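Comments concern the structure below.
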Amino acid sequence: MLVGLRQFGGSPAVLNLPLDGRVLGFTVAVTAATALLFGLAPALRATRLNLTAEFQGGTRQLGAGARSRLSQSLMVLQIALSLVLLVSTGLFVRTLRNLQNVDPGFNTHQLALFRIDAVSAGYSKEQFADLQARLQTRLESIPGVRSATFSRVALLSGTRSNRSITVPGRTLPSEAPTNFNINGLAPNFLAAMEIPLMLGRGFTDHDTAVGPKVAIVNQAFAQRIFGDENPLGRRFTFGSTPTANAAEIEIVGVARDAKYTGLREAAPPTIYLPATQMPEGVANYAVRTSGNPAALFFAIRAAVKDLDPTLPVLNLRTQEEQIARISSEERLFARLSGFFGFVTLSLACVGLYGLMSFLVLNRTGEIGLRMALGALPSQVLRMILRESLALAGLGVAVGLLAAYGGSRFIQSMLFGLSPTDPLTYGFVTLFLIVIAMLASLLPARRAAQVEPMTALRSE
């Protein structure tokens with residue numbers, strides 16, 4: 001079951017679950033130690049019986065003193081642990097929801113993604129440029145494809161390419177990053193990804209490797225470097241220090257901000273170049289479809305094979321799958337904490353039910369005496385529920401302190417909320433209290449139905 005929690009065949013570095021002799025041996029040892037340790041206390045208690053009292057009818061303690069302090073302590077510990085794990089689950093689930101609600105700056109729906117590495121396959125840079133254009137045309141001829149495009153770096157892939165820049169005659173602001181994200185785009189990339197241009201023009205087929213060097217920047221770049229000034233027509237060069245032979249690049253357009261590496265960070269200052277003027281790297285294709293993109297995976301592979309049967313299609317997936325991959329760690333921890341939280345909560349419910357049933361059985365004479373003296377069934381019901389809720393309340397209090405103390409360990413994995421989020425803590429607390437009350441309801445009702453005379457006669 002735990003192996004099944006891994007997303008997309010997860011890396012062993014993320015979740016390594018070998019079912020080998022060490023794991024099985026450790027499990028058997030812990031199981032045996034637990035059975036011995038927690039079976040020892042009642043076994044020792046059984047050896048300290050007062051034989052005289054037992055043969056005379058046994059000893060009777062009335063009220064709270066009849067309860068096992070060890071059982072109570074274990075019950076409180078179980079509830080506290082359940083709360084810690086359920087709080088973690090709630091925080092991770094809300095983090096995933098917040099990430100899903102982030103606007104990436106482009107349309108992520110109906111997109112199929114894949115990568116080709118023609119240079120590693122033996123293509124020259126000139127052949128690579130020709131292959132990209134022919135493959136784009138071939139992909140657009142597939143029925144159900146609205147557009148096809150490519151870039152050097154796939155958006156939201158967890159990877160980046162960056163370089164330092166120099167703006168002639170201008171000192172960069174001190175808060176500006178030393179390296180800026182760059183990406184090489186096909187002429188139709190912004191339109192296909194539905195990233196609107198805010199100023200200027202997009203790339204055209206005339207922006208070739210031998211033509212004037214041009215760039216489109218995003219709003220974050222324009223604001224960071226030029227403030228309120230118009231960036232169109234401004235020039236910059238790559239490199240941290242100006243050089244005489246450095247090619248100047250003219251800014252011809254400003255695009256709306258879009259996420260680059262992941263969803264967590266704000267859209268970084270980004271420079272877009274024509275793919276022909278950034279020949280190094282691979283081609284990451286994005287195919288916009290009119291329906292389910294996964295339904296065209298076979299046709300996409302066939303299109304690549306038509307052009308070159310030896311060229312592999314790498315990492316074919318949908319954009320939604322790509323986004324899920326970059327948040328796979330959060331999903332993993334949400335599922336793990338949810339799984340163990342459910343198991344622990346189930347044990348706590350069974351334990352609370354068993355404990356209250358045992359207490360009701362032990363206190364049959366006391367309950368019969370109370371009812372013989374005039375106590376109503378509803379009063380007995382409330383008494384048992386009150387005592388079980390007192391245990392649950394103590395467990396919740398301990399769990400809240402533990403969750404608050406350990407919240408700093410997961411702070412870096414959360415997004416859009418505090419590790420001490422009051423809504424999550426409040427919901428989990430209320431949920432545990434309700435579950436504890438339901439687990440105690442049947443023993444409480446059984447106590448309320450005790451027949452006074454039958455109980456006193458049996459005592």
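The values are calculated or read from the model by the stated rules, or taken from the named source; none is laboratory data. Keep in mind the model is a prediction, meaning the values are calculated, not measured. Don't worry about glycine lacking a Cβ; one is built from the backbone with ideal geometry, like all the others, and counts go over all protein chains shown. Note: accessible area is taken over every heavy atom of the protein model, side chains too, but ligands, DNA and RNA are not part of it. Shrake-Rupley method; radii C 1.70, N 1.55, O 1.52, S 1.80 Å.
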Helices from the chain with mean Kyte-Doolittle at least 0.0 and a Cα length along the axis of 15 Å or more, per DSSP H: which?
21-46, 69-100, 297-307, 328-362, 377-406, 422-448
Compactness check, the stretch 201-313: C-alpha Rg relative to the 2.2 N^0.38 Å globular estimate gives 1.35
For Ser164, Ser73, give me the order by solvent-accessible area with a 1.4 Å probe, most accessible first, ignoring ligands, DNA and RNA.
Ser73, Ser164
Which whole-angstrom value gives the distance between the alpha carbon centres of the stretch 424-444 and the stretch 144-213?
54 Å
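Sort the stretch 248-348 into rounded, prolate or oblate with this rule: let a ≥ b ≥ c be the square roots of the eigenvalues of the Cα gyration tensor; rounded if a/c is under 1.5, and if a/c is not under 1.5, prolate when a/b is larger than b/c, oblate otherwise. Show your work: numbers first, answer last.
Details: a/c = 3.02, a/b = 1.50, b/c = 2.00.
Oblate.
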For the chain, calculated [θ]222 nm from helices alone, where every DSSP H run of n ≥ 4 adds -39500 (n - 2.57)
-16000 deg cm²/dmol
What distance in nm lies between label points placed 7 Å from Cα along the C-beta direction at Ala295 and Leu394?
6.1 nm
Extension gain, Gln100 back to Ala302 (0.36 nm per residue minus Cα-Cα distance, nm)
69.5 nm
Zero-based 5 Å bins, Cα pair distances in the stretch 353-415, whole percents
4, 14, 17, 16, 11, 9, 8, 7, 6, 4, 3, 1, 0
Along the stretch 157-171, what does the Karplus equation 6.51 cos²θ - 1.76 cosθ + 1.60 (θ = phi - 60°) give for ³J(HN,Hα), rounded to whole Hz, x for Gly and Pro?
9, x, 10, 8, 10, 9, 8, 7, 9, 10, 9, x, x, 9, 8
